[in-house]
Amino acid sequence: MNAFEFLAPNRPEKPRHYGITMVLDKGLGLKNAEDLMEISGNYVDFLKFGWGTVTIHNKSIVKEKVEMYHSYGVDAYPGGTLFELAYVKNKIPEYFEEAKDLGFKVLEISDGSINLPQEERLKYISEAKNNGFKVISEVGKKDPHEDMKLTLEDRVNLIEKDLNAGADHVLIEARESGQNIGIFDKNGNVKECEVDYLLNNLPSEKLIWEAPQKNQQVYFILKIGSKVNLGNIPPEEITSLETMRRGLRGDTLGKVNL
């Protein structure tokens, strides 16, 4: 039982199909990660080992961390940049095999830093599903100049095709900074017309909005409600985000659609 539990609105228990929180692990030590899960694990659904961080950490420690996260009902997965590197090096089969050996049950398929033909992207989504993985795809480019070339129609088309190929969720790219990419301007403010367009043309429960900044998280909670799926949340912000989802913080108190 939590302290003052009688004052906190309930949220769906895990496994959740909406109201998902994806956290970015940029290299937490095992003990720190376990402490984090002990106090906040109930509020995390996915945990991404950022970009290629797992390649420079001891394999046994990575495996132990993945197992620990799973013990708290958190699906850990390697960042999409690692998939992109495997593609460039023509090592996708080896990548799938190593991911299974490390205990990952989810993979991210993306092309944020590379040119990946759409038919190959869809093929790898299907292959990952056939290999028993959940799939989170990502739409958007990490280079702002390249990302600007994607129209809203392009993004909707890509997301629809990813979902039809078997992707369980699709990340809306915003990088770790949440600035000057996709739906955010150079100051990190939301481009509301673009968000509205995506919401009007896509199933909201399948989208995970990368929203690393507090003002972005507040915006989506007030717009969509506590059921909104949010990603790239810093580990130290898990509790803050959960209180905002439940209307336990001034930003959302009395304003949240639970």
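The values are calculated or read from the model by the stated rules, or taken from the named source; none is laboratory data. It should be emphasised that the depicted structure is a prediction, and the values quoted were computed from it without experimental measurement. Positions of Cβ are backbone-derived with ideal geometry, glycine not excepted, and every protein chain shown enters the neighbour counts.
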Qualifying positions in the stretch 55-78 - part of a helix (DSSP H, G or I) and within 25 Å of HIS17 (Cα to Cα): LYS65, VAL66, GLU67, MET68, TYR69, HIS70, SER71
Scope the stretch 12-34; condition within 26 Å of GLU138 (Cα to Cα), in a loop (DSSP other than H, G, I, E, B) and out of contact with any His (no Cβ under 9 Å at 6 or more places or on another chain); matching residues: PRO12, GLU13, LYS14, PRO15, ARG16, HIS17, TYR18, GLY19, LYS26, LEU28
Unmet criterion (only one of (1) surrounded by 14 or more Cβ atoms within 10 Å (Cβ to Cβ); (2) over 24 Å from ASN232 (Cα atoms)) for GLU108: (2)
Odd one out for ALA76 among (1) at pLDDT below 95; (2) touching a strand residue (DSSP E or B) at 6+ places or on another chain (Cβ under 7 Å); (3) of a type in the set (Gly, Ala, Ser): (1)
Qualifying positions in the stretch 138-196 - crowded, with 18+ Cβ neighbours inside 10 Å, over 12 Å from ALA211 (Cβ atoms) and of a type in the set (A, V, I, L, M): VAL139, LEU158, ILE159, LEU163, ALA165, ALA167, VAL170
Selection from the stretch 156-178 of residues that are in contact with a Leu (Cβ under 7 Å, 6 or more places away or on another chain) and of a type in the set (Lys, Arg): LYS161
Top-ranked residue of the stretch 221-244 - restricted to ones that are within 21 Å of GLU176 (Cα to Cα) and among the charged types (D, E, K, R), ranked as surrounded by the fewest Cβ atoms within 10 Å (Cβ to Cβ): GLU236
When residues of the stretch 79-88 are limited to those that are touching a strand residue (DSSP E or B) at 6+ places or on another chain (Cβ under 7 Å) and either of a type in the set (Phe, Trp, Tyr) or outside any loop (DSSP other than H, G, I, E, B) (or both), the one modelled with the highest pLDDT: PHE83
Every residue from the stretch 35-54 that is in a helix (DSSP H, G or I), closer than 17 Å to VAL66 by Cβ and among the hydrophobic types (A, V, I, L, M, F, W, C): LEU36, MET37, VAL54
